[in-house]
1. Is segment 25-107 rounded, prolate or oblate when judged by the Cα gyration tensor, a ≥ b ≥ c being the square roots of its eigenvalues, rounded requiring a/c under 1.5 and prolate requiring a/b larger than b/c?
2. Most exposed first by the Cβ proxy, i.e. fewest other Cβ within 10 Å, how do Thr11, Thr77 rank?
3. With θ taken as phi - 60° and the coefficients 6.51, -1.76 and 1.60, list the Karplus ³J(HN,Hα) couplings across segment 68-78 in order, rounded to whole Hz; mark glycine and proline as x.
4. Cut-off 10 angstrom, C-alpha nodes, Gaussian network model of the chain. Which of Gly47, Gly99, Gly80 fluctuates the most?
5. How much length is gained if the chain between Lys34 and Arg10 is pulled fully straight, taking 0.36 nm per residue apart and subtracting their Cα-Cα distance, in nm to one decimal?
6. How much length would be gained if the chain were fully extended between Tyr27 and Lys95, taking 0.36 nm per residue of separation minus their Cα-Cα distance, in nm to one decimal?
7. Calculate for the chain the 222 nm mean residue ellipticity that helices alone would give, adding -39,500 (n - 2.57) per DSSP H run of length 4 or more and normalising by residue count, nearest 500 deg cm²/dmol.
8. Specify which residue in the list Ala40, Leu75, Ser105 is farthest towards the positive end of the charge dipole of the chain, using unit charges on the beta carbon of Lys, Arg (+1) and Asp, Glu (-1), about the Cα centre.
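Since every read-out is calculated from the coordinates, none of them should be taken as a lab result. None of these values were measured; they are calculated from a predicted model. Counting neighbours? That spans all protein chains shown, and the Cβs are built from the backbone with ideal geometry, glycine included.
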Amino acid sequence: MKIVGNTSERTLAYQLQADGIKFEQNYRFSAARKFEIDIAIPEHRIGVEIEGGVFTRQAHGSISGILRDLEKHNLLTLQGWRVLRFRPDEVACGKAVEGIKNLLSNADRGAWLE
């Protein structure tokens, strides 16, 4: 599998790959819309978004980007997906991959936040 994306997306992809977790990047979850999720684990209907643009007020951090993301995340929820959203620093320190692993195992889902 070819790893793509920005630094945080590639980092998380390598972390998931190292832990043997099957995922897809830039996953298009809706045939009707062109929405993509940064990282998806379709088998478990888990989506992961890395929210780097909120700090630059570009793309996802712009008003139109925020509104588009609201629509996308609501559509994911309505389709039965669980979506985790992480900052780049949470990817870098391993908190994101731990949160994903906890969600996959259904064990103590909130403990990693403490």
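1. Because a/c hits 1.5 or more and a/b fails to exceed b/c, segment 25-107 counts as oblate.
2. Taking fewest neighbouring Cβ atoms as first place, the list is Thr77, Thr11.
3. Karplus-based 3J(HN,Hα) across segment 68-78 equals 5, 5, 4, 4, 4, 5, 5, 4, 4, 4, 5 Hz.
4. Fluctuation is largest for Gly80.
5. Extra length from Lys34 to Arg10 when fully extended: 6.5 nm.
6. 22.3 nm
7. -11500 deg cm²/dmol
8. Leu75
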